[in-house]
Amino acid sequence: MTSSAAIADPTIENAAARKSFALVFCCTLIGALAQILVKKGTEQLGAHITLGQVAHDPALFFSFAIGIITNLKLFIGYLLYGINTFLMALALKGRELSRLYPIIALTYVWVTFLSLFVLPGEHLNLFRTAGIAAIVTGVSILGLRK
């Protein structure tokens with residue numbers, strides 16, 4: 001069997017599509033965890049600095065960069081973003097972008113739910129609940145077969 005015949009095989013195409021969907025779904029969970037860790041890590045960075053302050057004192061940039069590297073939550077959060085990017089590249093090989101990318105919107109759903117348990121002061125109200133319902137509905141509609 002030639003490589004072009006293997007690509008045309010519906011069984012192989014379906015397996016590749018399922019693998020791509022599973023990878024993108026995992027990316028939504030990894031992305032949500034990364035966002036929570038970045039949020040928790042930035043709380044430990046201390047004072048907020050602006051771009052104007054960095055322009056006047058470039059040493060602020062280096063102290064901020066060292067703060068990011070030495071902050072375990074922030075470092076792991078950014079590391080997870082890197083892993084997420086790598087997995088997305090693998091996933092996008094197996095299916096068209098217009099079918100896979102709407103699934104990424106589920107990251108917002110996971111972030112909202114994780115925030116309720118991990119971040120103090122987060123709450124779920126009617127508008128957020130409606131927004132989550134709209135996201136899930138939209139992802140479902142976009143994922144329907146043509």
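Of the numbered conditions (1) closer than 28 Å to Ile69 by Cα; (2) modelled with pLDDT under 80; (3) not small (Gly, Ala, Ser), Thr42 satisfies every one except a single condition; which is it?
(2)
Looking only at region 109-146, how many residues end up being touching a residue at least 24 places away in the same chain (Cβ under 8 Å) and open to solvent by less than 40 Å² (accessible area, probe 1.4 Å)?
8
Return the total of residues in region 92-146 being among the hydrophobic types (A, V, I, L, M, F, W, C) and touching a Pro at 6+ places or on another chain (Cβ under 7 Å).
2
Take region 46-65 and flag every residue that is of a type outside the set (S, T, N, Q) and in contact with a Leu (Cβ under 7 Å, 6 or more places away or on another chain).
Ile49, Val54
Among the candidates Leu90, Leu100, Leu45, which residue alone is within 14 Å of the chain's Cα centre (by Cα) and either touching a residue at least 60 places away in the same chain (Cβ under 8 Å) or not in a helix (DSSP H, G or I) (or both)?
Result: Leu100 is the single residue among Leu90, Leu100, Leu45 that is within 14 Å of the chain's Cα centre (by Cα) and either touching a residue at least 60 places away in the same chain (Cβ under 8 Å) or not in a helix (DSSP H, G or I) (or both).
Quick test for you: out of Leu23, Leu74, Leu33, Leu106, pick the one residue that is touching a residue at least 24 places away in the same chain (Cβ under 8 Å), open to solvent by 80 Å² or more (accessible area, probe 1.4 Å) and in a helix (DSSP H, G or I).
From the options Leu23, Leu74, Leu33, Leu106, the qualifying one is Leu33.
Considering only residues of region 79-103 that are open to solvent by less than 60 Å² (accessible area, probe 1.4 Å) and basic (Lys, Arg), which is modelled with the highest pLDDT?
Within region 79-103, the match that is modelled with the highest pLDDT is Arg99.
Quick one: in region 1-39, of everything that is at pLDDT 90 or above and among the polar types (S, T, N, Q), which residue is nearest to Ile69 (Cα to Cα)?
Selected residue: Gln35.
Answer yes if at least one residue in region 124-137 is assigned to a helix (DSSP H, G or I), under 30 Å from Thr11 (Cα atoms) and more than 15 Å from the chain's Cα centre (by Cα), and no otherwise.
Taking every residue of region 124-137 in turn, at least one turns out to be assigned to a helix (DSSP H, G or I), under 30 Å from Thr11 (Cα atoms) and more than 15 Å from the chain's Cα centre (by Cα).
Being surrounded by fewer than 15 Cβ atoms within 10 Å (Cβ to Cβ) and of a type in the set (Ser, Thr, Tyr), is that true of even one residue in region 50-62?
Yes, region 50-62 has at least one match.
The values are calculated or read from the model by the stated rules, or taken from the named source; none is laboratory data. Bear in mind that the values here come from a model prediction, so they are computed numbers and not experimental data. Ideal geometry is used to build each Cβ from the backbone, glycine not excepted, and the neighbour counts take in all protein chains shown. The accessibility values were calculated without ligands, DNA or RNA, using every heavy atom of the protein model including side chains. Shrake-Rupley method; radii C 1.70, N 1.55, O 1.52, S 1.80 Å.
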